[in-house]
Amino acid sequence: MKQTAVEWLVEKLDQNFDYVADTLIQQAKEMEQTNTDNKVIHFAEWLTKKHTLTLIDLYEQFEKENYGDE
């Protein structure tokens, strides 16, 4: 009996399921990380625009506490 196209596809999917699933899961994780990274970048840009003077004060305090009078 000749194999139908659907039977061939099901067979190939069964043979490669683990690889395909792992690949898709990895791609989804990378996409999620990119989304998180973009959110952090946009938040930092927003914070810098809204609170520039506060950030400068905090940076100066950080410098003083961590590096003193170098």
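Collect the residues in segment 44-67 that are small (G, A, S) and loosely packed, with under 10 Cβ neighbours inside 10 Å, keeping them in residue-number order.
none
Based on what the data block shows, is K49 assigned to a helix (DSSP H, G or I) and at pLDDT 90 or above?
no
Would you pick out the residues in segment 27-46 that are over 11 Å from the mean Cα position of the chain (by Cα) and of a type outside the set (F, W, Y)?
Answer for segment 27-46, where residues must be over 11 Å from the mean Cα position of the chain (by Cα) and of a type outside the set (F, W, Y): I41, H42, A44, E45.
The values are calculated or read from the model by the stated rules, or taken from the named source; none is laboratory data. Given the structure is predicted, the values throughout are model-derived calculations rather than measurements. In this analysis, Cβ positions are derived from the backbone assuming ideal geometry, glycine residues included, and neighbour counts consider all displayed protein chains.
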